[in-house]
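The values are calculated or read from the model by the stated rules, or taken from the named source; none is laboratory data. Not measured: the values here are computed from a predicted model. A quick note on method: Cβ atoms are made from the backbone with ideal geometry, for glycine too, and the neighbour counts reach across all protein chains shown.
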Amino acid sequence: MNIQLEKPLCVFDLETTGLNISKDRIVQIAILKIHPSGKKEELNLLINPEMNISDSNSAIHGVTNEMVKDAPTFKDAGSEIVAFIGTSDLAGYNSNKFDIPVLAEEFLRADIEFDLSTKDCVDIQNIFHKMEQRTLVAAYKFYCSKELTNAHDAMADTVATWEVFEKQLEQYDNLKPNIDFLADFSRNSVHKNIDFAGRLAINENNEAIYNFGKHKGKTIKEISVSEPGYYGWMLEADFPRYTKKILLQEMEKIKAKKKEENQHDFNSKLSQLQNKFKG
């Protein structure tokens, strides 16, 4: 094994009802868990999305409404998924942009507690694009000299993604074989995202910023003063639940800091008055 793991790594892939992170649902989740010892475990579940799977999407991934009609919902399967992943870090192909945000939405929708912020997330597609600029099928052929004949089956894509990842680590000397480095290397943004959809990030001063639109690069704190309605608009608009959750947390931090500063100013003024009367 070419990677140094301090804790397990879960390479995973999702098949879904569509590409809308906020609205579409998981129909299949496949996870390949690699332990530091090299031991591997698999979890492959069909999920009832509680909505229609269109014929066009079924044609892509092969999962039909008939196949999932008796499958567990994500809420029913969530505890098993959480237990299987455990303390593992995560890896996938285009996972930072799609699979992880969708997974985060499903956990929030099902009211299942799962802290994704504690995990390093390696996006094998971003490594590949930085090195070779190809698709997964081409990556599999390029790195592994094999044809990915059953692409868009979640487990086939998951296993292929792991094999590509191993070959990348063999081929590129500048790729350090540890998850912290690889998670950072596979990010596709100058700033580190604090939500998985990439709408919020941390700048070089360790401040939370908006990472899109007219306020891109501006801190959440400064916009809360100059345009306080922007925060409310985001909470009402069609943004992922996880993005809204992180924005709420950042606003609570801003409020707490402001309260602390106000208390400090009050104590300072009170101390000045007390000293004045003592004099």
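Before moving on, here are some points about what is shown:
- Selection status of THR87, among the β-branched types (Val, Ile, Thr), part of a loop (DSSP other than H, G, I, E, B) and either more than 18 Å from ARG25 (Cβ to Cβ) or out of contact with any strand residue (DSSP E or B) (no Cβ under 8 Å at 6 or more places or on another chain) (or both): yes
- For the residues GLU132, GLU113, GLU204, the requirement of being touching a His at 6+ places or on another chain (Cβ under 9 Å) and surrounded by fewer than 20 Cβ atoms within 10 Å (Cβ to Cβ) singles out GLU204.
- Pair list, Cβ under 8 Å, 6 or more apart: the stretch 97-116 residue at positive phi, other residue assigned to a helix (DSSP H, G or I) and surrounded by 16 or more Cβ atoms within 10 Å (Cβ to Cβ): ASP111/LYS75
- Leading residue by the ranking (nearest to LEU9 (Cα to Cα)) among those in the stretch 168-225 that are among the hydrophobic types (A, V, I, L, M, F, W, C) and free of Cβ contacts under 8 Å to residues at least 24 places away in the same chain: PHE181
- Selected residue (criterion: modelled with the lowest pLDDT) from residues of the stretch 209-229 that are closer than 25 Å to ASN94 by Cβ and buried (at least 17 other Cβ atoms within 10 Å of the Cβ): ASN211
- Residues of the stretch 230-265 that are among the acidic types (Asp, Glu) and surrounded by fewer than 11 Cβ atoms within 10 Å (Cβ to Cβ): GLU236, ASP238, GLU252, GLU260, GLU261, ASP265.
- Sole residue being assigned to a loop (DSSP other than H, G, I, E, B), farther than 27 Å from ALA183 by Cβ, of a type in the set (Asp, Glu) and not assigned by TED's automatic domain parsing to the domain that holds ILE21, chosen from ASP238, ASP195: ASP238
- A single entry from ASP76, ASP24, ASP70 fulfils the requirement of being touching a Gly at 6+ places or on another chain (Cβ under 9 Å), charged (D, E, K, R), modelled with pLDDT of 95 or more and over 30 Å from LEU175 (Cβ atoms): ASP24.
- Number of positions in the stretch 24-49 that are surrounded by 12 or more Cβ atoms within 10 Å (Cβ to Cβ), out of contact with any strand residue (DSSP E or B) (no Cβ under 6 Å at 6 or more places or on another chain) and either free of Cβ contacts under 8 Å to residues at least 60 places away in the same chain or not assigned by TED's automatic domain parsing to the domain that holds HIS152 (or both): 2
- Residues that are of a type in the set (A, V, I, L, M) and over 29 Å from GLY62 (Cα atoms), drawn from the stretch 136-195: LEU169, LEU175, ILE179, LEU182, ALA183, VAL190, ILE194
- Put simply, of LYS141, LYS119, LYS97 the only residue that is closer than 16 Å to LEU14 by Cα, of a type in the set (Lys, Arg) and surrounded by fewer than 21 Cβ atoms within 10 Å (Cβ to Cβ) is LYS97.
- The set of residues from the stretch 144-155 being of a type in the set (Gly, Ala, Ser), surrounded by fewer than 16 Cβ atoms within 10 Å (Cβ to Cβ) and on the phi < 0 side of the Ramachandran plot comprises just one member, ALA151.
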